[in-house]
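Everything below concerns the one structure shown next.
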Amino acid sequence: MPELPEVEAARRALQEHCVGKRIVKCAAADDTKVIDGVAPDQLEASLVGRTITAARRKGKNLWLALDSPPHPTFQFGMAGAIYIKGVELSKYKRSAVSSTEEWPSKYSKLFVQMDDGLEFSFTDKRRFAKIRLVDNPEAVPPISELGPDALFEPMKLDDFVKSLGRKNVPIKSLLLDQSFVSGIGNWMADEVLYQARIHPMQTASKISKDKCATLHLCIKEVIDKSLEVGADSSQFPENWIFHSREKKLGKAFVDGKKIDFITVGGRTSAYVPELQKLDAATSRSKGSIDKENGDDKKSRKGVNAPKPAKGRVKVTKGSSNKAGSTSDDGNEEEAKPAKRGRKQSARAANVSTKHGGSTHGDEATDEDQEAEEDAKPAKRGRKQIEKSSKGGDEEAHDKMEAKPGKRRGQKTQPTEAKSSLPNKFQDAGPARRPQRKARQT
């Protein structure tokens, strides 16, 4: 990807070959993703007849200063590149256009012809680049939001050390932050950290002053050496990690030492574990520490939290609140909702107490009494039970309590309990509904 060295090489070529010349022809691609905020024909009309006075750059952004505003700016993105016809410029993997292709290339987004016949083109294969037309490039984003340029505005060592001391983020993430220092991209950050022997995950504020000084020097050296060869990566020093950073894990080595890959700041990072060691003080990430603290709080909370009663269960639908109440020690007295047969049994017990003199009804609980009122069986069934239990003994009561309740309208058959009733009840047969008296007319 084009980073500070690649964009600076393009700026130097434009400065050398195009400054002082007038634009006589211009062709902008009909690509609104790249041509940003201005129509292609408007861009062309704004450039034709204008003279280029300077080629300028900050970070990864380049712009042409014309004799009057507005000025075209170029944000290179992932594969943006400047090509000057007849002039050999450095090529990088994602932007290289074959010399055998048509001119201008089919990937050209802006073609410009000068008054002396010189032609140049801005190309972009990936369409992540941006071409804008602005009055004051340094006063508007993205250029206005950039930090000091790593080449033109390098930090003094003391300021660099102090700045790192205030940043509690991984050093790789900080170097990629264009608001901190502009121009350093992914491959440059990996290279300067490798040369300085600093782990990409090392917290910036934990780096020693000596290491900070080494890193400060390595940034300058990597930029200078890459520009010495016109940003031609094939001519970068052999001992740079750059040449192996795109190889597969297990096949990537530099100076005989294994290269490993991790993700830092959302970007793949190449480093040499044998040389770039993470200090013990920062070996654990903030996320892992927070997770441990959270787990510890949960465990303490679990120890102090009161345990729920074992027998307590949720009251089921159809039963009253009292029917599902619990005793003081948490054990459930009545977990299940009262059924019709049980209610009839409880009613029969109360009836037996009133008519047969039994004391069993005194033991009935409040929930049984209320459950009886919640759902009463058919009146006909109640009358049969009351008639059959009048004057009966405890054996009849036990038999009826064991027998499940009957549905509405179903006749109750006198079985074994019949033999224990007085003869007058046995001879009487089953109870019959009294006939209504005839209405008097």
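Just so you know, all these numbers are worked out from the coordinates, no wet-lab data involved. Because the structure is a prediction, the values reported are computed rather than measured. Don't worry about glycine lacking a Cβ; one is built from the backbone with ideal geometry, like all the others, and counts go over all protein chains shown.
Scan around residue 53 for amide H atoms under 5 Å from its own, H built in the peptide plane at 1.01 Å from N, and keep only partners 5 or more places away or cross-chain.
20, 65, 66, 67
Provide the packing ranking of 209-216, 67-74, i.e. peptides ordered by the mean count of other C-beta atoms within 10 Å per residue, highest first. Show your work: numbers first, answer last.
Numbers: 209-216: 17.0, 67-74: 18.5.
Result, highest mean Cβ count within 10 Å first: 67-74, 209-216.
Does the range 1-58 classify as rounded, prolate or oblate by the C-alpha gyration tensor (a ≥ b ≥ c root eigenvalues; a/c under 1.5 gives rounded; else a/b over b/c gives prolate, otherwise oblate)?
Details: a/c = 2.70, a/b = 1.22, b/c = 2.22.
Note, shape of the range 1-58 comes out oblate.
Find out how many positive minus negative residues lie around residue 188, taking Lys and Arg as positive, Asp and Glu as negative, among other residues whose Cβ is under 14 Å from that of residue 188. Walk me through the numbers before you get to the answer.
Details: positive: 60, 172, 220, 225, 245, 267; negative: 3, 6, 8, 149, 177, 190, 191, 221, 224.
Counting the neighbours of residue 188, the net charge comes to -3.
Order these peptides, 177-189, 131-143, by their mean beta-carbon neighbour count within 10 angstrom, highest first. Please report the intermediate quantities before stating the final value.
Details: 177-189: 20.6, 131-143: 16.3.
Answer by packing, highest mean first, reads 177-189, 131-143.
Within a Cβ distance under 11 Å of residue 264, other residues only, what is the Lys/Arg minus Asp/Glu net charge? Don't jump to the answer; show the numbers that get you there.
Numbers: positive: 172, 267; negative: 190.
Result for the neighbourhood of residue 264: +1.
Estimate the FRET efficiency between residue 213 and residue 78 by the formula 1/(1 + (r/R0)^6), using the beta-carbon distance for r and 45 Å for R0, to the nearest 0.05.
Working: r = 33 Å, r/R0 = 0.73.
That pair, residue 213 with residue 78, gives E of 0.85.
Beyond a 19 Å Cα-Cα separation, which of these cross-linked pairs lie in this structure: 25/125; 247/277; 167/211? Kindly include the intermediate steps, with their values, before the conclusion.
Numbers: 25/125 23 Å; 247/277 21 Å; 167/211 15 Å.
Exceeds cut-off: 25/125; 247/277.
Peptides 231-241, 190-200: what's the order by average Cβ count within 10 Å, highest mean first?
Working: 231-241: 16.1, 190-200: 23.0.
In descending order of packing, they fall as 190-200, 231-241.
For residue 183, which sequence-distant residues (separation of 5 or more, or a different chain) have an amide H within less than 5 Å of its own amide H, given hydrogens modelled in the peptide plane?
So residue 183 has HN proximity to 60.
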